[in-house]
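Reading through the C-alpha cells given below for one structure.
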Amino acid sequence: MVDAANPLAMLFIAIALLLGCAMLAAAFRGRVLGLVYPVSLIAASLAVATDLSILLNGTTFTAHLPLGLPTIGLRVRVDALSAFFGIVVNIGTFAAALYGLGRHKQLSARVEPFFAAFAAAMNMVLLADDAFGFLFSWELMSVTSWALVIARHEDAEARRAAHVYLMLASIGTIALLFAFGAMAGPAGGYDFASIRSAERDPLVTGLVLAAVLVGTGSKAGIIPLHAWLPLAHPAAPSHVSALMSGVMTKVAIYGLIRVLFDLLGKPSLWLGAIVLILGAVSTLMGVLYALMQHDLKRLLAYHTVENIGIIFIGLGLSLTFKSNNLDALAALALTAALFHVFNHCLFKSLLFLGAGAILHATGKRDLEVLGGLIHPMPLTALAFLIGCIAISALPPLNGFVSEWLTFQAILQSPSLPHLPMKILLPTVGAVLALSAALAAACFVKAFGIAFLGRPRSQAARDAHEADSFALSAMAILALLCIASGLFPGFFIDALGSLNHALLGTQMPTQSTIPWFSIVPIGDVRSSYDPLLISIFLLFCAGATAIFIHFFASRALRRAPAWDCGFPDPSPSIQYTASGFAQPIRRIYGTITFSAKEQVDMPPPGSSTPARFSVKLHDHIWELLYLAPARYMLAISERLNVFQFLTVRRYLILMFAALISLLVVVMVIT
Amino acid sequence: MTSSVYSILGQGIQTLLVLAIAPAITGVTRLVKARLMRKSGPPLLQGYRDLFKLLRKEVIVADTASWLFRVSPYLIFSLAWLAATLVPTFATGLHFSWTGDVIVIVALLGTARFFQTLAGMDVGTAFGGMGSSRESMIATMAEPAMLLVVLNLALIASSSRLPVIADYLVTQPLAIRVSLALALMSLVIVALAENARIPVDNPATHLELTMVHEAMILEYSGRHLALIEAASQLKLVMYGSLIICLFLPFGIASVDSGPAAWFVSLVLYVGKLTLAAITLGLWEVSIAKMRVFRVGEFLGIAFIFAFLGLLLSFVTEELLR
C-alpha cells in the first residue's frame, strides 16, 4: 500500500478527483457538469507539481494496489519518464480545462464527463507498471476520446470521424495486445519488471517492435496510420481537440519510449533507421497535406502528423546512436525529441484553443471565409501569432530550440561507423529542413488568411474577442512557449535524470552557462543564445523606432490602400488560402497528390463565368484504406451466398471442413 | 584582458560596418548595371540619400492595416542586421559570435521573411497576397537548400559555428573539393533568390505580374519603407559575407591579432565584397528574368546540388580513409 508521503498518493488523488467528478457529472448532469473544469484544474495543478518534483529529484516510486485483476492486483510505478509525460499531459489538461470554464453556457452531458475521464485515463497510462493496467488505461483513453469525437452525433461528418477513429484505435490496441503478449512470453510475466529482465528471441523482438510501432503509431498519428487525426480533430470540441492533438498523441509517444528504451533493452542496428524513415515520411507528408487544407482545424491536425514525425526523427537518432554505443549523442537526440514533445504540447494546444476561439467568434473553421480577425480579436491574434512562430521553428521561440538540437544530433552523423547510416542522417536532415520551410509557409497562410487582410464574410466582420478564460488559457501557453524558448537550458537540465535512467548518461549541464546560452556538445561545435538574441532584437527595434521618431519623422497618415493605383473595395480581390498555396502545390503537389487543374474558359462573347477547379488525390487514403475496404466488401459479397444454403449443404460444408482439417493435421504431424 | 577588449571592439566595428557599407554595396551593383546599359547611373551615395529622404517623409498607412504592419519593418530590420552581424566579415572570434551558429543565422532570416510575408498580407490587397504567396514558394526551396549547404560545411569542419568553419577552411591545405564547388553553386543560386535578384525576381521592376518582393512591400512608405530597404541591403551584405567567409576566407584575421591586422583584413573584405557586387551586376545584365513557375526548377537545382554536395563529402571522406 501507499503511505501519504509517497508522491504516488498525490497522483492517485488527482486521478480519483477526475474520475469521481466524471461519474458525478454523468450521474447528475445539469449544473453538476460545470464542476468538471474547476476539479480538472485542481487535479492537473496537483499532478504537475508532483510530477515536477519527481522529475527534478529523479526518484522512482512503486506501489502494488489491490485493484484490477483478482489475486494479481495492479502494479503502479512513477519514474522520471512518467513524470515528464505527466507534466506534459497535465499542462495540456490545465489549459484545456481553463478554456473549458468559458463553456458554462453550453455544457453537455456528452462532453464534460468524458473530458474528466479522458484526462484521468491519460494519467493512468503513465502510471501503469503492468500490461493489464497499461492496456486498460489505454483503452479507457481511446473510448473516452471517441465519445468526445462523436459528441456532435447529429453531424454525419462527426459520425464518420468517430468510425474511422474507432477502427484505427482498435487496430492499435490489438497490435499492443499482441506486443505485450509476445513480450511477456509463455511464462506470462505481465508486469514490466519481468518484461524488462526477460530474454527474448530476435524474431520475437522484431515482431514486438513491429506491433508496438503499429500500436503507438496509430495513436500518435504517424503516416500511414494518421487517417483519423484530420477527421477527428475538427469533429471534437476545440478544447478537446487541443487535448487530443497536443496531449494524447504524446501519451502514445510515451508508450513507444517506454517499450523501445526501457522494456526491450539495447536496440538493434536497424531499428533506429526504421523509426527515422517513418519520422521523415510523416514530417514531409504531414506538412504537405497541411498546406493543401483550408479548414483550420484540419490544417492543424495534419501539422500534428508533421510534428510527431519530428519527434520520431529525434527518437530514431537516439536509437541509432544508442545501438552504436554513442550514449552521449543518444542523450542529445532523446533530449531533442522530448523537448519537442513538450514544445508541441504547448504550441499545438495554443493553436487549437485559438482555432476554438475563432470558431466560437465566427462559427467558421474554413479559412476562405475568414480574414481581418486581428482587428476584432487582437489578443487571440497575438497568442495565435506566438503559436505560429513557435510551430514554424523560428527563433527565438521554443520550436526552434528543439529543431536546432535535432540538427545538432544530425551533424554528429560522421561518428557513426556505417556509411549507409552516415548518409541516412543528413538525408533526414534535408527532409527536416524542407519541412521546416514548408511549415513556415503554411503558418503564414493560416495566420495571414484568418487574421490579416479584410474580412471575407459577414461572420468574420461580426467577430468578437474570446472570453477571458480562453484568453488566459492561451496566454499561459504563449508565455510558456516564450519561456522555454528563451531559457532552454533549464528544460534540458530537467531532462537530465530521465536521460540518466534510460541511457545511463545525460547532456552537459546547461543552466550554469553564462547568459543562458546552450552548448549541447562543445564550445567549438555549436552554441545558441536565445536570450541575447531576443535582447538584441528588442533593443535594436526599440532604439531604431525611438531614434527615427525623434530625429527623422513621426508623421503618420491613414489613407485607403494604394494597391498599385487600382484598389478594389471587394474583399474577394484578396488571395485565398488555396490561392496562396497554389505555387507550392504546383511544385510539390503534382507528384504527391497527382494535382490536376482544370480551367473551363467560356468562348469569346459568352457571358457565362469561367470556372477553375483543382482535383487532389490522397494516395495513402485511396491505396491503404479505400482499396482494402473495397476488396473486403467484394469478398464478403461473394461469400454472402453461404448465408442462404439448405441444411444439407451446410452439413456437407462442415463435413468437408472436418476432413480438410484432419488432412492438415496429418500432413503437419 | 586585451583580447576581450579587442573582441568587443571588433564586434562593435563589425556591427556598424555592415550597416554603414550596405547601401554602398547595393549602389555598386546598380552602378555597374547602369554603366553596362550605357546609362550614367546613380552615384554611390544615392543609396544613403534615398534612405535619409525616406526617413524624413510622412508615412501613409492603409486604413485596413493592423499593428503588425507597423511593427514588422522594425523587426525585419533588426533581424537582418543581427544576421549580418553574426557572419564574420574581417575577423573571427568576435565577442558575440557564439550567440548563434550558422543554423541560427538561416533561421533568423526565416523569421524576418515570416514577418515580411505576413505584412504583405496585412492590408488585404491582391498584390500583397501575390507577393507573399510567391515569396513563400521561393522560400520553401531556397531555405532548405541553404541549410543543406551549411550542414555540409559544418560536417566538413566538425562545427556549425561560422568563425570555426572559416578558421578551418583557412588553415586547410588548398584543395579543390567537388562537394564545396557544388555547395558554392547552390549557395549562389539561393543568394540570388533570397535577395530578389534576376533571374528569380527583379529589384527594379514595378511591372505587376513579375513582382515578388516589390509586391509584398507595395503598401509601405516613408520610414517603414526605408527600414525595409535597409534590411534588403543588409541581407545582400550578409549573403556576400557568408559566401566570402565560407568560400573565399583567405586573409581573414583573428580577433587577437590587433587593429593593424584588422585593417588589412578589412580592406581585403571590402574589396572582396565590392568584387561580388560587381559580379552580381554583370550577371544581372547578362540574363533575363524567369517566369515565376520556372523558379521552382531553378531552385530545385540549388537543392539538388546542395544535397549532392552533402552526399559527396561523405563518400569522399570514406574513400580517403
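The values are calculated or read from the model by the stated rules, or taken from the named source; none is laboratory data. Just so it is clear, the structure is predicted and the values come from calculations on it, not from any experiment. Heads up, the Cβs are rebuilt from the backbone with ideal geometry, glycines too, and the neighbour counts pull from every protein chain shown.
Table for the structure above
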read-out	value
Selection count where residues are without any contact (Cβ under 8 Å) to a residue 12 or more places away in the chain and within 14 Å of chain B (Cβ to nearest Cβ), scope the range A:589-606	2
All positions within the range B:95-121 that are in contact with a Ser or Thr (Cβ under 6 Å, 6 or more places away or on another chain), more than 7 Å from chain A (Cβ to nearest Cβ) and either among the polar types (S, T, N, Q) or not in a helix (DSSP H, G or I) (or both)	B:95
Condition check for residue A:438: facing chain B (nearest Cβ under 8 Å) and of a type outside the set (Gly, Ala, Ser)	yes
Residue in the range B:254-265 that is within 19 Å of the chain's Cα centre (by Cα) and more than 26 Å from residue A:557 (Cα to Cα) present	no
Test: residue in the range A:310-330 that is in a helix (DSSP H, G or I), among the aromatic types (Phe, Trp, Tyr) and modelled with pLDDT of 95 or more	yes
Only listed residue being outside any helix (DSSP H, G or I), more than 11 Å from chain B (Cβ to nearest Cβ) and either in contact with a Lys or Arg (Cβ under 6 Å, 6 or more places away or on another chain) or at pLDDT below 95 (or both), chosen from A:459, A:463	A:463
Scan of the range B:275-321 for residues that are within 20 Å of the chain's Cα centre (by Cα), surrounded by fewer than 17 Cβ atoms within 10 Å (Cβ to Cβ) and within 10 Å of chain A (Cβ to nearest Cβ), ordered by number	B:300
For residue B:255: the one exception among (1) surrounded by fewer than 23 Cβ atoms within 10 Å (Cβ to Cβ); (2) within 20 Å of residue B:84 (Cβ to Cβ); (3) of a type outside the set (Ser, Thr, Tyr)	(1)
From the options A:581, A:577, A:610, A:629, residue that is more than 19 Å from residue A:291 (Cα to Cα) and surrounded by 10 or more Cβ atoms within 10 Å (Cβ to Cβ)	A:629
Some residue of the range A:542-561 being facing chain B (nearest Cβ under 7 Å) and either in contact with a Phe, Trp or Tyr (Cβ under 6 Å, 6 or more places away or on another chain) or in contact (Cβ under 8 Å) with a residue 12 or more places away in the chain (or both)	yes
Residue in the range A:535-542 that is farther than 19 Å from residue A:399 by Cα and of a type in the set (Gly, Ala, Ser) present	yes
Residue within the range A:486-502 that is of a type in the set (A, V, I, L, M, F, W, C) and more than 32 Å from the chain's Cα centre (by Cα) present	no
Check on residue B:149, of a type in the set (Val, Ile, Thr), buried (at least 24 other Cβ atoms within 10 Å of the Cβ), more than 7 Å from every other protein chain (Cβ to nearest Cβ) and touching a helix residue (DSSP H, G or I) at 6+ places or on another chain (Cβ under 9 Å)	yes
Flag if residue A:368 is assigned to a helix (DSSP H, G or I), within 24 Å of residue A:516 (Cβ to Cβ) and of a type in the set (Asp, Glu)	no
Restricting the range A:515-532 to residues that are modelled with pLDDT of 90 or more and surrounded by fewer than 22 Cβ atoms within 10 Å (Cβ to Cβ), the residue that is nearest to the other protein chains (Cβ to nearest Cβ)	A:532
For residue B:290: the one exception among (1) closer than 18 Å to residue B:16 by Cα; (2) assigned to a loop (DSSP other than H, G, I, E, B)	(1)
Residue match in the range A:565-588 (condition: modelled with pLDDT of 90 or more, assigned to a loop (DSSP other than H, G, I, E, B), within 22 Å of residue B:295 (Cβ to Cβ) and within 8 Å of chain B (Cβ to nearest Cβ))	yes
Residue in the range B:39-59 that is of a type outside the set (Ser, Thr, Tyr), in contact with a Gly (Cβ under 9 Å, 6 or more places away or on another chain), within 18 Å of residue B:191 (Cβ to Cβ) and more than 14 Å from chain A (Cβ to nearest Cβ) present	no
Failed item in (1) under 18 Å from residue A:531 (Cα atoms); (2) more than 7 Å from every other protein chain (Cβ to nearest Cβ); (3) aromatic (Phe, Trp, Tyr), with residue B:90 passing the rest	(1)
Residue that is aliphatic (A, V, I, L, M), over 23 Å from the mean Cα position of the chain (by Cα) and surrounded by 21 or more Cβ atoms within 10 Å (Cβ to Cβ), where the choices are B:68, B:54	B:68
In the range A:402-419, residue surrounded by the most Cβ atoms within 10 Å (Cβ to Cβ) [restricted to those that are within 10 Å of chain B (Cβ to nearest Cβ) and touching a residue at least 40 places away in the same chain (Cβ under 8 Å)]	A:403
Boolean, residue B:160 is at the interface with another protein chain (Cβ under 7 Å from one of its Cβ atoms) and of a type in the set (S, T, N, Q)	yes
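Rundown of residues vs (1) within 11 Å of another protein chain (Cβ to nearest Cβ); (2) surrounded by fewer than 20 Cβ atoms within 10 Å (Cβ to Cβ); (3) not aliphatic (A, V, I, L, M), yes/no style:
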residue: B:191; (1), (2), (3): no, no, no
residue: B:215; (1), (2), (3): yes, no, no
residue: B:228; (1), (2), (3): no, no, no
residue: B:238; (1), (2), (3): no, no, no
residue: B:245; (1), (2), (3): no, no, yes
